[in-house]
1. Can you compute the charge dipole magnitude of the chain about its Cα centre, using +1 on each Lys and Arg Cβ and -1 on each Asp and Glu Cβ, nothing else charged? Give it in debye, rounded to the nearest 20.
2. Mind checking the per residue accessible area of the chain for me, 1.4 Å probe, whole number of Å²?
3. Would you kindly state how much longer the chain becomes between residue 109 and residue 290 on full extension, computed as 0.36 nm times their sequence separation minus their alpha carbon distance, in nm to one decimal?
4. Go ahead and collect, in residue order, the members of the range 367-388 whose backbone nitrogen is under 20 Å from a label point 7 Å along the Cα-Cβ direction of residue 72.
5. Can you give the percent of C-alpha pairs in the range 208-273 whose distance is more than 14 Å?
6. Mind listing the phi-derived Karplus ³J(HN,Hα) values for the range 232-245, rounded to whole Hz, using 6.51, -1.76 and 1.60 with θ = phi - 60°, and x for any glycine or proline?
7. Stokes-Einstein diffusion coefficient for the range 10-168 at 37 °C in a medium of 0.692 mPa s, Rh from the Kirkwood formula over Cα pairs: what value in µm²/s?
8. With only alpha-carbon atoms in the gyration tensor, what are the semi-axes of the equivalent ellipsoid for the range 295-379, in Å, largest first?
Amino acid sequence: MNERMKRILEEHGRRYGQGQDIRVFRAPGRVNLIGEHTDYNDGFVLPIAIDRDTTIAATPRKDGLIRLHALDFDETVVFDTHRMEPRINTGWGRYPYGVAAVLAREHVALRGCDGVVQGTVPIGAGLSSSASIEMATATMLCAFAETEIPGTRLARLCQMAENEYAGVNCGIMDPFISRLAQPHTALFIDCRSLDYTIIPFDAPDYALIVANTNRPRGLADSAYNERRRECEEGARLLGRHIENIRALRDVTPARFDAHRSVLPDIVARRCEHVIRENDRVMQSVETLIKRDFARLGALMNDSHDSLRDLYEVSCRELDTLVDIARRCDGVAGARMTGAGFGGCAIALVKIEAVETLETAIRREYPQITGYPADVYVCQPSGGAGEIV
Ligand code: GLA
């Protein structure tokens with residue numbers, strides 16, 4: 001047993017007494033290789049689950065009370081699933097609360113529990129710490145309720161929890177990958193049909209580096225919701241001229257080029273990003289299958305440039321990380337990952353260049369931006385489940 005697990009179990013014992021029937025659940029965070037801001041446009045994404053997760057150790061209770069203690073914040077939340085009271089709508093507690101509320105609405109026979117929660121996904125860093133706590137909670141609650149919900153449906157329910165209880169109108173990518181990921185692979189997800197294909201991430205000569213800007217994300221949520229509205233507006237306007245447009249997913253690059261002029265400039269730029277990004281995701285799947293990592297890197301670079309210039313969700317700190325990476329020999333490509341406005345960048349880099357890149361980021365990034373640099377090599381991991 002590793003140190004972390006020991007700490008979690010000890011804390012559980014200290015708070016709730018030695019439970020015989022203690023069970024442990026985990027759900028990972030993610031990076032997205034490519035396909036940014038496409039999920040809520042019914043488009044395509046290509047995420048990877050990372051080797052950082054939220055872990056919950058819990059024992060079931062006979063009543064409906066849920067008591068969860070977060071080791072990282074030294075804070076406990078308590079609510080009663082039979083009445084869903086008191087309502088929790090601030091802090092980390094709103095994530096497990098939201099999931100329980102959505103599952104209760106689905107008529108899952110929730111049981112109470114005493115749990116200790118601990119996370120290794122950095123919070124607010126765009127690596128889906130929220131999806132990981134939601135999915136870890138959902139996995140635990142379903143196990144205690146002895147209810148099996150298919151992974152794609154559970155992802156949808158966690159997305160609803162985030163939309164309704166955390167106020168972010170996010171898409172389905174983060175909970176989806178947190179649940180359905182498999183080790184050493186990426187998932188190619190069609191966010192309309194929810195069909196997905198497991199794509200081996202078979203890159204022994206390359207590493208995937210994650211670098212955190214450490215920049216507070218400020219107004220990220222409201223800007224995210226605004227982008228979403230702009231996309232919906234674009235689909236609506238284009239739908240007046242092109243048949244069968246339900247979402248930007250339905251607009252091909254050629255059609256877009258032909259009708260771009262019907263859109264206000266800002267909306268046109270947002271749409272252009274999404275439409276071409278969908279195309280890049282499909283090309284990226286091919287590159288992974290053919291193991292053409294140089295080409296994948298080039299697509300990642302194009303994706304970042306488009307997010308910076310057309311979708312306008314990058315920021316100076318993300319651009320700085322990406323620039324440092326691109327100047328480094330052995331880097332195939334680099335881009336921001338996740339919603340943007342801060343958070344993390346990823347770089348696909350030859351193994352022998354990893355150290356040079358890490359050193360360059362640690363040296364140059366704080367000097368340029370004033371924020372500390374956090375860099376690590378991430379391993380594509382498996383999805384949520386019970387640790388036995
Ligand atoms: C956030 C959201 C996702 C997705 C990305 C951008 O991570 O939670 O649903 O929209 O931003 O690709």
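1. Taking the Cα centre of the chain as origin, the dipole is about 460 debye.
2. Averaged over the residues of the chain, the accessible area is 41 Å².
3. Taking 0.36 nm per residue and subtracting the Cα distance, the gain is 60.5 nm.
4. Once the point is set 7 Å along Cα→Cβ of residue 72, 372-387 turn out to lie under 20 Å by backbone N, inside the range 367-388.
5. Details: 1315 of 2145 pairs.
Percentage above 14 Å: 61.
6. 5, 4, x, 5, 5, 5, 5, x, 6, 10, 10, 6, 6, 9
7. 206
8. With the √(5λ) rule applied to the range 295-379, the semi-axes are 19, 16, 10 Å.
The values are calculated or read from the model by the stated rules, or taken from the named source; none is laboratory data. None of the values given here were measured: they were computed from a predicted structure. Note that we place each Cβ from the backbone using ideal geometry, even for glycine, and neighbour counts take in every protein chain shown. Please note that ligands, DNA and RNA were not included when accessible areas were found on the heavy atoms of the full protein model with its side chains. Shrake-Rupley method; radii C 1.70, N 1.55, O 1.52, S 1.80 Å.
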